[in-house]
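Undergrad: Before I ask anything, let me first share the structure, which is written out below as structure tokens.
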Amino acid sequence: MSFLTAEQMIAANKANVETLFGLTNKAFEGVEKLVELNMQVAKAALSEAADTTKAALSVKDAQELFALQAGLLQPAAEKAAAYSRHLYDIAASTNAEVSKVAEETAVDAQKKFMSVVDTAVKNAPAGTENAVALVKSAVAAANNAYESVHKAAKQAAEVAEANFQAVTSTAVKATQAATPKGKRAA
């Protein structure tokens, strides 16, 4: 008794190749976004370095230099936090796309497997009811385990995102608190 025909195997392999190329494209999109972000950051940093150098060269005394340094601290922390948020967003978006494809593929594979199991159960010889019940029970247990792991992974990702947002917010607030309010340089 054969479970999968040659046509089914070819179709499954074709679907797997298409999935692989789709995931590869998503990964490249993530890399493109990362390169674009880094180019924007590099351009902005170069421009800001030129402006800071000009401002530092025009300082007349130590008090002005201190005010200039204090005025640069908060924006630098905010920019670092924004950069980290962008990196996280790119990674999360790419991961979400990959997870979506993986989930769809897993659901499709699960349906195909269940179809094979159902076919095997229908064609099982008489007197194998206990074995059939055991197979059905094992498949149900595997499905429940997969669902539990999937839910736990989703919850872990949500907790990680919330923690990232909290740490970023705390870092920016700490920098704001440390920066003197009245001494911001123009």
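The values are calculated or read from the model by the stated rules, or taken from the named source; none is laboratory data. Bear in mind the structure is a predicted one, so any value in this text is a computation, not a measurement. Note that each Cβ is placed from the backbone with ideal geometry, even for glycine, and that neighbours are counted across all protein chains shown. Heavy atoms of the whole protein, side chains included, go into the accessibility calculation; ligands, DNA and RNA do not. Shrake-Rupley method; radii C 1.70, N 1.55, O 1.52, S 1.80 Å.
Undergrad: For Lys33, what accessible area in Å² do you get when you roll a 1.4 Å probe over the heavy atoms of the protein chains, rounding to the nearest 10?
TA: In the full protein context, Lys33 sits at about 100 Å².
Undergrad: Could you put His86, His150 in order of accessible surface area, largest first, with the 1.4 Å probe and the full protein assembly present?
TA: His86, His150
Undergrad: Compute the accessible area per residue over the stretch 84-133, keeping the other protein chains in place, probe 1.4 Å, unit Å².
TA: Accessible surface, normalised per residue, equals 68 Å².
Undergrad: Report, in deg cm²/dmol and to the nearest 500, the calculated mean residue ellipticity at 222 nm for the chain, where each DSSP H run with n ≥ 4 adds -39500 (n - 2.57) and the sum is divided by the residue count.
TA: That comes out to -33000 deg cm²/dmol.
Undergrad: Given that compact globular proteins tend to follow 2.2 N^0.38 Å, what is the ratio of the alpha-carbon Rg of the stretch 1-110 to that value?
TA: For the stretch 1-110, the normalised Cα radius of gyration comes out at 1.91.
Undergrad: For the cross-link pairs Lys111/Lys136; Lys33/Lys173; Lys33/Lys54, which exceed 21 Å when the distance is taken from alpha carbon to alpha carbon?
TA: Check vs 21 Å cut-off fails for Lys33/Lys173; Lys33/Lys54.
Undergrad: Which value, in Å² rounded to 10, gives the accessible area of Ser84 with a 1.4 Å probe and all protein chains present?
TA: Spelled out: Ser84, probe radius 1.4 Å, area about 40 Å².
Undergrad: Still on this structure: Choose one of Gly30, Leu72, Thr94: the residue whose Cα lies farthest towards the positive end of the charge dipole of the chain (beta-carbon charges +1 Lys, Arg; -1 Asp, Glu; about the Cα centre).
TA: Selected residue: Leu72.
Undergrad: So for the stretch 19-161, taking the charge dipole from beta-carbon charges (+1 Lys/Arg, -1 Asp/Glu), which of Ala157, Val121, Ala56 sits furthest toward the positive end?
TA: Val121
Undergrad: Provide, as a two-decimal number, the C-alpha radius of gyration of the chain over 2.2 N^0.38 Å, N being how many residues it has.
TA: Scaled against compact globular proteins, the figure is 1.77.
Undergrad: State the percentage of accessible surface on the stretch 49-186 attributable to carbon and sulfur atoms; use a 1.4 Å probe and exclude ligands, DNA and RNA.
TA: 63 percent
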